[in-house]
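The values are calculated or read from the model by the stated rules, or taken from the named source; none is laboratory data. Since this is a predicted model, take the numbers as computed values, not measurements. When we count neighbours, we look across all protein chains shown, and the Cβ atoms used for this are built from the backbone with ideal geometry, even at glycine. Calculation scope for accessible area: heavy atoms of the full protein, side chains included, ligands and nucleic acids excluded. Shrake-Rupley method; radii C 1.70, N 1.55, O 1.52, S 1.80 Å.
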Amino acid sequence: VTLNSNKNKIPDKYLRGEFNSFTGFVNETCGFGVFTNMKSNQIGLTGDKVNPGIVINGEGNLEVPVGVAFKIFNNINVGASVRYIMSYKADKTLHYTELSDLSDENLTDNEKLSIMNVEKAVGYGINLGTVMELKKLNVAMSLRDPISKVQTSKYVKNSSNSYELTDIDKKSLPTNLSLGISNKPYIDGKQRKFFWAVELENILSKDLNGDG
């Protein structure tokens, strides 16, 4: 007789969701903002009744961009922005032992983050863009992250048996190019009844989320 059978298996049911917010200031020549994103990729129960586990796979992201834009000709606008990036990601299946450890009041916050396999990333990225205003159309091009740097780190036990944030990798973000075209929303100061836009993203075909 085995206890780890389909009868004892816990149905894999996960909670997935995403929350986004933005606050900032934008005018014709400059702007700044704060973007926040919280994402639950997979949170729920897994395993079996003998050894159940809680899957925690989620992330929180913060981006603070500052940008400028100006005309170089009557019908051509160019712009650039630099943004600060910070994110926390957790990807761990917690079983009884880990859950018991997390409830220990003597554990430091860093040790709990280590148990949950939390990874922190901090860095910056630069974006460039241009918009050409034609008689009836607008044509836009943006280059995302031609220059960027991100430092990733994890909470690791050191030689004195305490947990500290330790750098594990330094990398650049994928560079990507997007093109867009639209009709003008206003003609002779009057708003169009019909507005359309088409965008071709990720023309350089780089893997943006590392999933292959």
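Scanning the range 49-93 for residues that are open to solvent by 80 Å² or more (accessible area, probe 1.4 Å) and either in contact with a helix residue (DSSP H, G or I) (Cβ under 6 Å, 6 or more places away or on another chain) or over 28 Å from Gly123 (Cα atoms) (or both) yields Lys49, Val50, Lys71, Ile72, Phe73, Asn74.
If you filter the range 163-195 down to residues that are aromatic (Phe, Trp, Tyr) and not in a strand (DSSP E or B), you find that the one that is surrounded by the fewest Cβ atoms within 10 Å (Cβ to Cβ) is Phe194. When Lys92 is tested against (1) over 19 Å from the mean Cα position of the chain (by Cα); (2) without any contact (Cβ under 8 Å) to a residue 40 or more places away in the chain; (3) under 23 Å from Tyr14 (Cα atoms); (4) part of a strand (DSSP E or B), exactly one condition is not met: (1). Do we have any residue at all in the range 138-160 that's crowded, with 16+ Cβ neighbours inside 10 Å, charged (D, E, K, R) and farther than 20 Å from Val78 by Cβ? Yes - at least one qualifying residue is present in the range 138-160. Where residues in the range 36-48 are open to solvent by less than 70 Å² (accessible area, probe 1.4 Å) and at pLDDT below 90, which of them is farthest from Leu15 (Cα to Cα)? Here the answer is Asp48. Checked against (1) closer than 30 Å to Glu28 by Cα; (2) open to solvent by less than 60 Å² (accessible area, probe 1.4 Å); (3) not acidic (Asp, Glu), Tyr124 passes all but condition (2). Out of the range 95-112, which residues are touching a residue at least 24 places away in the same chain (Cβ under 8 Å), part of a helix (DSSP H, G or I) and open to solvent by 60 Å² or more (accessible area, probe 1.4 Å)? Passing the criteria: Tyr96, Leu99. Within the range 31-51, one or more residues are without any contact (Cβ under 8 Å) to a residue 60 or more places away in the chain, over 26 Å from Asp91 (Cβ atoms) and in contact with a Pro (Cβ under 7 Å, 6 or more places away or on another chain). Selection over the range 49-68 of residues that are farther than 18 Å from Leu15 by Cα and of a type in the set (A, V, I, L, M) gives a count of 5. Restrict the check to the range 15-31 and report whether at least one residue is in contact with a Gly (Cβ under 9 Å, 6 or more places away or on another chain), within 22 Å of Lys154 (Cβ to Cβ) and at pLDDT 80 or above. Checking the range 15-31: not a single residue is in contact with a Gly (Cβ under 9 Å, 6 or more places away or on another chain), within 22 Å of Lys154 (Cβ to Cβ) and at pLDDT 80 or above.
So that you can scan it fast, the table gives a plain yes or no per residue for (1) within 30 Å of Tyr96 (Cα to Cα); (2) outside any loop (DSSP other than H, G, I, E, B); (3) free of Cβ contacts under 8 Å to residues at least 12 places away in the same chain:
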residue: Lys120; (1), (2), (3): yes, yes, no
residue: Ile126; (1), (2), (3): no, yes, no
residue: Gly129; (1), (2), (3): no, yes, no
residue: Asn138; (1), (2), (3): no, yes, no
residue: Ser142; (1), (2), (3): no, yes, no
residue: Asn161; (1), (2), (3): yes, no, yes
residue: Ile203; (1), (2), (3): no, no, no
